[in-house]
There are 4 protein chains.
Amino acid sequence: MQVLFWNERTQQLGDGARVFDPLALTWRDDAPEHDGKAVTASEALLRLAATRKLRRVPIGIIGPRDATQAQYDLAEQMGAALARHGLQLLCGGKNGVMEAACKGHAQEGGMPVGLLPDEEWHAANPYVAIPIATGIGPARNAIIARACLVLVAIGGGVGTLSEMALGLQFNRLVLAMADAPEVNTVERVADVDGVIARIAARLLANA
Amino acid sequence: MQVLFWNERTQQLGDGARVFDPLALTWRDDAPEHDGKAVTASEALLRLAATRKLRRVPIGIIGPRDATQAQYDLAEQMGAALARHGLQLLCGGKNGVMEAACKGHAQEGGMPVGLLPDEEWHAANPYVAIPIATGIGPARNAIIARACLVLVAIGGGVGTLSEMALGLQFNRLVLAMADAPEVNTVERVADVDGVIARIAARLLANA
Amino acid sequence: MQVLFWNERTQQLGDGARVFDPLALTWRDDAPEHDGKAVTASEALLRLAATRKLRRVPIGIIGPRDATQAQYDLAEQMGAALARHGLQLLCGGKNGVMEAACKGHAQEGGMPVGLLPDEEWHAANPYVAIPIATGIGPARNAIIARACLVLVAIGGGVGTLSEMALGLQFNRLVLAMADAPEVNTVERVADVDGVIARIAARLLANA
Amino acid sequence: MQVLFWNERTQQLGDGARVFDPLALTWRDDAPEHDGKAVTASEALLRLAATRKLRRVPIGIIGPRDATQAQYDLAEQMGAALARHGLQLLCGGKNGVMEAACKGHAQEGGMPVGLLPDEEWHAANPYVAIPIATGIGPARNAIIARACLVLVAIGGGVGTLSEMALGLQFNRLVLAMADAPEVNTVERVADVDGVIARIAARLLANA
């Protein structure tokens, strides 16, 4: 387990020997200060988020268009939590889980990106801040899986399964919540805080 | 179960009430002749193949680059069986299961198409007759899943799993052989003849 | 020519008979107030930008990786002008014109999106706020052309030409600055203000 | 200018010092026989075609869906000429120039491949032998441009222009016939024989 220190004066994250570069998402060796406050990875994200210097490599929330209420609520909370931690949401930009994730994200000040299968941006759900109409249909799932550092599946059928499998193929961290499809090697996480902790660990691990 | 009749004189397939259009892969109602010989769906394919009039909608064979000998042998037999039944092979055009499928297909007179992730055709295995360099990387899997009427998985990991899931998402018939990944609703077929029978049934079912 | 009124109290844009919906980018007929201040389309954009309610449908800046100093400077000014007018920049995320556009945009508070050909986000130039690694190579140009409401070409060779042609094919507004390739029907605009005026007119024209 | 010799006994093409490998489309140095008959590049293609050993790297014919009669006739002749010379046609699989090219190619025994923008193969014109439904819309143009060794434009508007520009970007040989769009560096060829000669030269030039 990595030990992390937040230096309030320099607004920098250190691990006792290195300083974290929030733009490159890497650690470098030059002259750290050791007197920071010990923080968890999730807390570190919160501090970095406040500096607004963290590179916004997307985190994906994937799941069905026809979401249950439970899936919708969870996706909304997940989207909100991403925004609070300064994390960029990327999703498919349509209904159900995608809409809920955008809604939560936007309400917490995020600017959700929707990578649409459609040819025109109007097809986005109303909470998408930045609609990207790809015009390539469901093949855009392969781009979502490629572009995201972490994919969080909330429920879902074969469409979600294909995105999860693509994510694994591309060496992304794939997390499953609720009733997401069972896939070998995919970690199942119980709650939103657990997901944030896993994302934070990945982001701060020289990924 | 569909009853099929092959009329040797007209070189047409009927079901007692309709005639099969091998170009459109549909049945039409005009003036069938009833005096043909009863055939199974697989036999019907063999007869249609001999007429060389069957539309070559691709059948996909998918699986790992690092194939075991057993997977390689099975893919080679599967590719050969497709060619003998006048079926067009489409695959990823690389090594392992893809190479074996192309090898078997070409040896039986087929012209295997390889949809390559690479930017240049030279990246194809030596048995690909028609190399199609897409330049889009593993995202070409989404096109293989879309283009094929039936996908036959022979072994495989997450890459194969993503193709299977994409196939299901696109309402393709997805069949699993040997140690292909477990996916809900994917039918596991024991041998080459069983796969041909399933493909024949799909092709002749007004798909 | 459209006459536009900005109502400072309601923070709404009207045209005397309708009110502009900044989220849907359309005009609706309900109960306009007529007492606003007459503004140009570019001024209207500035006002809407300040409300932070304008939907961020991307505007693309396209051009060569090997930019001349003049192209680089112009792209930087263009990117900055987009940010000042609340417009979202989308580009290829690489060097030259793309880097300059991102640099200008970021310096004025924008969050430039880079749609990368590469498989990993690290390939983005340092000014890309939201890197989207597509992994599909130069085929991502087709997505840039599709996703952007307006494409602004600054210099460029055949790569830029293909994006311009794709934009025309998708009915996007394509504008050429500096020494961008000659294409029939592509409007050549002399300076940054002229481009902003053309974008504003398009955005406010119920596009 | 390359001097080519066809050895009727060995069914091999030589240039006096090397032997052409029709599968790899390269020349190798091992033990040529010099007593062949001198042939032009186009004649060499005809001989290689008869051996059925030439790798079928696609040649693209591109042009508008709404073709004039003159464009249709020319595309049909071009498709036929490709087939006679053992060359594989790849096109967009739709109407107009694409249909004509497939028609001519199929009538001369070719098996035209149609790379469709659509989600289902039924959208192909009736002369497409091997329909490949990509489901990615007009973005499939980027794949056509990538996959073809040579692109032959017959007429066309911005769609054709984008394919031509993509072809140039990917270092393909791009030829323009009839009223194809003007593009810098694109060679305009007057007739079918001229196109075959240019393709033959490219194919036999260690491309």
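Figures for the structure shown
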quantity	calculated
Some residue of the stretch C:167-185 being closer than 17 Å to D:Ala145 by Cβ, open to solvent by less than 20 Å² (accessible area, probe 1.4 Å) and modelled with pLDDT of 95 or more	yes
Within the stretch C:78-174, strands (runs of 3 or more DSSP E) holding 1 or more residues that are in contact with a His (Cβ under 7 Å, 6 or more places away or on another chain) and hydrophobic (A, V, I, L, M, F, W, C)	C:89-91
Which numbered condition A:Ile199 fails, given (1) farther than 12 Å from A:Gly92 by Cα; (2) crowded, with 22+ Cβ neighbours inside 10 Å; (3) within 14 Å of chain B (Cβ to nearest Cβ)	(3)
Pairs, first away from every other protein chain (no Cβ under 14 Å) in the stretch A:80-92, second outside any helix (DSSP H, G or I), C-beta under 6 Å, six or more apart	A:Ala80/A:Glu108; A:Arg84/A:Glu108
Residues of the stretch C:186-196 satisfying the condition of being modelled with pLDDT of 95 or more, surrounded by fewer than 21 Cβ atoms within 10 Å (Cβ to Cβ) and aliphatic (A, V, I, L, M)	C:Val189, C:Val192
Residue ranges of strands (runs of 3 or more DSSP E) in the stretch D:1-56 with at least 1 members open to solvent by 60 Å² or more (accessible area, probe 1.4 Å)	D:12-14, D:26-28, D:37-39
Meets criteria (closer than 25 Å to B:Met177 by Cβ, more than 16 Å from the chain's Cα centre (by Cα) and either open to solvent by 70 Å² or more (accessible area, probe 1.4 Å) or of a type in the set (Asp, Glu) (or both)) for B:Asp66	yes
Test: residue in the stretch B:114-125 that is within 14 Å of chain A (Cβ to nearest Cβ) and surrounded by fewer than 23 Cβ atoms within 10 Å (Cβ to Cβ)	yes
Scan of the stretch C:57-67 for residues that are part of a loop (DSSP other than H, G, I, E, B) and within 14 Å of chain A (Cβ to nearest Cβ), ordered by number	C:Val57, C:Pro58
Near pairs, Cβ below 9 angstrom, 6+ apart or cross-chain, from the stretch C:8-23 (within 14 Å of another protein chain (Cβ to nearest Cβ)) to any residue that is open to solvent by 60 Å² or more (accessible area, probe 1.4 Å)	C:Asp21/C:Arg28; C:Pro22/C:Gln12; C:Pro22/C:Lys53; C:Leu23/A:Pro126; C:Leu23/C:Lys53
Count - residues of the stretch A:88-113 that are of a type in the set (A, V, I, L, M, F, W, C) and open to solvent by 10 Å² or more (accessible area, probe 1.4 Å)	3
Whichever residue in the stretch D:136-148 is open to solvent by 10 Å² or more (accessible area, probe 1.4 Å) and under 17 Å from B:Cys148 (Cβ atoms) and, among such residues, is nearest to the other protein chains (Cβ to nearest Cβ)	D:Ile136
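One line per residue, one yes/no per condition, for (1) over 23 Å from C:Pro131 (Cβ atoms); (2) over 18 Å from the mean Cα position of the chain (by Cα); (3) assigned by TED's automatic domain parsing to the domain that holds A:Ala190:
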residue: A:Thr26; (1), (2), (3): no, no, no
residue: A:Lys37; (1), (2), (3): yes, yes, no
residue: A:Leu45; (1), (2), (3): no, no, no
residue: A:Cys91; (1), (2), (3): no, no, yes
residue: A:Lys94; (1), (2), (3): no, no, yes
residue: A:Ala129; (1), (2), (3): no, no, yes
residue: A:Gly137; (1), (2), (3): yes, yes, yes
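The values are calculated or read from the model by the stated rules, or taken from the named source; none is laboratory data. All values derive from a computational prediction rather than experimental measurement. Glycine gets a Cβ as well: all are built from the backbone with ideal geometry, and neighbour counts include every protein chain shown. Areas reflect the complete protein model, heavy atoms only, side chains present, ligands, DNA and RNA absent. Shrake-Rupley method; radii C 1.70, N 1.55, O 1.52, S 1.80 Å.
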